Structure formats: C-alpha cells, structure tokens
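Working notes for the structure below.
The values are calculated or read from the model by the stated rules, or taken from the named source; none is laboratory data. Quick caveat, the model's predicted, so the values are computed rather than measured. Methodologically, a virtual Cβ is constructed for each residue, glycine included, from the backbone with ideal geometry; neighbour enumeration extends over all protein chains shown. Just so you know, the surface numbers come from the protein's heavy atoms only, side chains and all, with ligands and any DNA or RNA stripped out. Shrake-Rupley method; radii C 1.70, N 1.55, O 1.52, S 1.80 Å.
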Amino acid sequence: MTTVPEASAKTKGRTLARLKELLEERQGKPPVDDFGSFERELRGRMAEIERDLLAEELQRFDIDAPVVLIDGVPHRRVLRCEETYMSAAGPVRVERTLYSTRRDGERAVSALELRAGIVEKHWTPLAAEQAVFMVSLMTPQETATLCAKLGQMQPSKSSLDRLPKQLSREWEAKREAFEQQLRADDLVPAEAATVAVSLDGVLVPMRDGEREEKRARATAEGRPASGPAGYQEVGCGTVSFYDATGERLSTVKFGRMPEFKKSTLKRILAQELGVALAQRPDLTLVTVADGANDNWNFLHGALPPSTEVIDFYHAADHLNVALSAAYGDGTVKCRAQFDKLRRVLLEDPDGVEKIIRSLLHLTKQHPGSGRLANELAYFRKHRHRMRYATWQAACLPIGSGVVEAACKTLATQRMKRSGMRWRHEGGQAILTFRSLVQSDRFDRAWALLAATYRAEVTLMENVVALSDYRK
C-alpha cells in the first residue's frame, strides 16, 4: 500500500525553501516603495506555499492497494491518475487511485476523496463551505468576482451556481434528521419569557411559473395581461424568543419554495416550537400573522393554544381602507379620523370594540359601500386577536415585523433582483443556506452536511490483485 508518495519529500523541501526565502528576503532592508504591491505579492507567495502543503496532506489520504473496503463493501483498484481540487488557497493537484465494485454502470470512486471529505468531487471542505456561504449572500457572478479580487481560490461562475444545488440535494435528503440535531443543540435563552411563531409569504419570479400561459388566459378572458404572472409565493416562517420586557432575544428563520399550503414550512415550525416548549413549558406562546385564513388555520388549529395576534399594522391598514371608503382616500377628514381611531385601537383596552362601533355607524351612513361592510366584517371576525393595549402592557409582541423582515432578507433581497427567475431546486438551495446563516446555525449545519461526504476506507487483507496473480 502507498499512502504518501516519494515526491512528498521533494514537496516539503520546496516548501521549506520558499518559507526560508520569504523570511530572509526582507531582513535588513528599507521599507518597500509600494506596501500594497508588497502585500499582494506576499499573499500570492503564501498561497503557493499553502497549496503545496494542502497537496501534500491530501496525498496522505490516498490509498493505493489491490482492494479496499469502503463502508464495509469491497472495491477493487481500477485506475491511478491525477486530479485537481479547488481549495480555499486555489487549485491543488494530486495523484490518487480509483476503485470500483465492478458493477455495471457504477462510477469509480476515490479513496482520497472519501477519506478527506472532498465535496462533490471538486471542493475541499473549507473551500466548499466558504463558497456556499458567499453564494447564499450574493450571486454566483458576484462571488466569482469577489474571489478573483481576494486572489486565492477563483472558482467559475458555473461551478458556484452548481454547488449550492448539489449541497441542497444532500441537505434535503437528510433534512429532518439534520434539523432535529440542530434543534437538540439549541437551548432556549435562559431569560426568555415568550416564544412567538409567525409565517408569511412573498412572491418571487419563477422560470416554471406558467407566466406565458397566465398572460394568454388573461387576454382570452378579456382581463389586463399584467400583474405578477409567473410569480409564486415563497413561504417564510420565524420562531422568536422575547424576554419579560418584550425585547427580542433571538430568531430562527425558515424559507421554503412555493408549495401547496406551505405544508413543509408549517411542519418545520410546529417541530421547532415543540422542541422549545419541551425545554421551557413555562413560556408564553404568541402567534402573530396577518388575517389570511390559511395562516390562522395553521396557527390556531395545528399549534398549542396561544395568544393570537393580528399584526397591528395590517389591522391599521384595514382601518384606513374602511375610513377611505367613508370619507375619501387621502382627504383631511379621513386622515384625522384615521390618526384618532388608530390610537384608540392601539392604546385603549376596549379599542377594537370602539372601532367596530365606529365602523358600524359609518356603514349605516353609507349602506351601499361594500368596502366598509367588508372591513367591518374583518374587525368582527378578528376582534379577539386585536387586544393590543392589553398585550402591550404584558410586553407581548403585537407586530409581524420579524417574519416580514425574514421575507425581505431571505427572499426579496436575493431572489428578486433584475432579470432573476428561479426554479424550485435553485431557489430552495438559496433559501436553505440563507436561513441557516441568518439563524446562526450555518456552522453547525455545515458540520453535519460535510460529514456526509466522508466514508470509512480500510484495507482488505489477504487479497491479491488479478494482475499480480497472473505474473
């Protein structure tokens, strides 16, 4: 068996010579004329040394033997060849042996890659971690430009586009187990008094969103062929912890690509909440959302009993719509009444009942106004979710700003840039890793994901290669 090639000594000697040269080169010399140029040159030379050391260490993971056991399954040697891997310091090239079970259609595998945890047959673990972190924050093109500016690893735009999708497939295959582990490792903040669950959605442009078909149907039906055709709703959810004074302590965010009734997102939120309440059953549970029926079918029907809160700003918007219908949109009378009644809704313990009485009076003055009638029905339906003065006095959250911010930071800022259109796979990859980054779970999640690229490779004793036997 060969695990460290004879060339290793040459590599080590070359590396030591370069280090010695760097140390001796500037001794006793005056300052350089251009420190920035010196800095760039030094960084490049250190990267060369780093690549040499990485190549040497990677070579140690190789096994060259007639037969090896990979996770207990015998594999026979089929080929020895060189391969280039992308490291955080740039490309490194090593020689490695490939093995196969010799089954039809099965691709050969590298013992080196499996032992070192090479990601998707191309990336060293650190390089893959850095790349997917950057692509979750910016586009592949921007990431490639940034890497080129930093001057070490310089992956292509296409490889940066593929990597998060490949990693997302691995994540989704084991997502439930991974999420269970992440939750088990998280502790509810000791000072937490309240846990709040919210969900919402935001439309994103889809490549497979039937844009042209929707436009054609609208035209055929005599409707304007405009609006968000080709857009579908990304679901976003949050679980947040607050202290006894109402200060938010932490938030876990989740984003899922368009799906019927946000079923996966709702299941994740329920599981996340279940773990939190198992740790701290004394927490006050608050559910916050706008008035969409689907939200409350879940928050009311699938979660434990809670203080149910219609986001105050949505309630205020509905109040403004009602007053605009009565007094005219933007009129002085409308603005004055809105300012007055908004304050009543927020600060008066009996505020929602007073709003309902005011709107009932207006509907009698404007019996033909469908908008007024609809808004009155809205406040009546959700009156038990609009006790804002009482909840503020108890330092409970009354707004869904956290989940609305999640919609913006997870989806809008990254997925609604000029010219972007998404397919489900690529969009979910971005949402998954952005969620992990923004929830302070990325490092632990990466450790779980990177481990799936490693396998146990051992020697199989008393096996003679067929070519050796024939000799």
Within segment 83-112, count every residue that is within 29 Å of the chain's Cα centre (by Cα), of a type in the set (S, T, N, Q) and not in a strand (DSSP E or B). 0
Assuming R115 fulfils every condition listed in (1) in a helix (DSSP H, G or I); (2) under 27 Å from G44 (Cα atoms); (3) touching a residue at least 60 places away in the same chain (Cβ under 8 Å) apart from one, which condition is it? (2)
Within segment 53-66, residues being closer than 14 Å to T124 by Cα and of a type in the set (D, E) number 2
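Would you confirm whether or not segment 446-454 contains a residue that is modelled with pLDDT under 95 and either out of contact with any helix residue (DSSP H, G or I) (no Cβ under 9 Å at 6 or more places or on another chain) or within 24 Å of K266 (Cβ to Cβ) (or both)? I'd like the intermediate steps shown before the answer.
If we filter segment 446-454 for residues that are modelled with pLDDT under 95, which is where we start, we get none.
Checking segment 446-454: not a single residue is modelled with pLDDT under 95 and either out of contact with any helix residue (DSSP H, G or I) (no Cβ under 9 Å at 6 or more places or on another chain) or within 24 Å of K266 (Cβ to Cβ) (or both).
How many of the residues making up segment 417-439 are part of a loop (DSSP other than H, G, I, E, B) and either buried (at least 19 other Cβ atoms within 10 Å of the Cβ) or of a type in the set (D, E, K, R) (or both)?
The initial filter retains those residues of segment 417-439 that are part of a loop (DSSP other than H, G, I, E, B), namely 417-421, 423, 439.
Restricting the remaining residues to those that are either buried (at least 19 other Cβ atoms within 10 Å of the Cβ) or of a type in the set (D, E, K, R) (or both) gives 417, 421, 423, 439.
Going through segment 417-439 one residue at a time, the tally reaches 4.
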With criteria (1) surrounded by fewer than 19 Cβ atoms within 10 Å (Cβ to Cβ); (2) touching a Ser or Thr at 6+ places or on another chain (Cβ under 7 Å); (3) of a type outside the set (D, E, K, R), F338 comes up short on (2)
Of everything in segment 253-300, what is surrounded by 20 or more Cβ atoms within 10 Å (Cβ to Cβ) and either of a type in the set (K, R) or at positive phi (or both)? Give them in sequence order. K253, R256, K262, K266
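Condition check ((1) at positive phi; (2) open to solvent by 80 Å² or more (accessible area, probe 1.4 Å); (3) touching a Gly at 6+ places or on another chain (Cβ under 9 Å)) across all residues:
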residue: P367; (1), (2), (3): no, yes, no
residue: A373; (1), (2), (3): no, no, no
residue: T390; (1), (2), (3): no, no, no
residue: G401; (1), (2), (3): no, no, no
residue: A406; (1), (2), (3): no, no, yes
residue: M415; (1), (2), (3): no, no, yes
residue: R441; (1), (2), (3): no, no, no
Restricted to segment 15-67 and to residues being assigned to a loop (DSSP other than H, G, I, E, B) and of a type in the set (D, E), the residue surrounded by the most Cβ atoms within 10 Å (Cβ to Cβ) is D62
Considering only residues that are more than 18 Å from Y313 (Cβ to Cβ), in contact (Cβ under 8 Å) with a residue 24 or more places away in the chain and not small (G, A, S), which ones fall in segment 325-358? P349, E353, I356
Per-region count, segment 121-157, residues open to solvent by less than 70 Å² (accessible area, probe 1.4 Å), over 16 Å from V437 (Cα atoms), in a loop (DSSP other than H, G, I, E, B) and touching a residue at least 24 places away in the same chain (Cβ under 8 Å): 6
One residue from E113, E95, E83, E106 being surrounded by fewer than 16 Cβ atoms within 10 Å (Cβ to Cβ) and not small (G, A, S): E106
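Look at G36 and say whether it is in contact with a Gly (Cβ under 9 Å, 6 or more places away or on another chain) and on the phi < 0 side of the Ramachandran plot. Explain how you work it out, then say what you get.
On the way: in contact with a Gly (Cβ under 9 Å, 6 or more places away or on another chain): no; on the phi < 0 side of the Ramachandran plot: yes.
Here the answer is no, as G36 does not meet what is asked.
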Does Q166 satisfy the criteria of being touching a residue at least 40 places away in the same chain (Cβ under 8 Å), farther than 18 Å from L53 by Cα, surrounded by fewer than 20 Cβ atoms within 10 Å (Cβ to Cβ) and not small (G, A, S)? yes
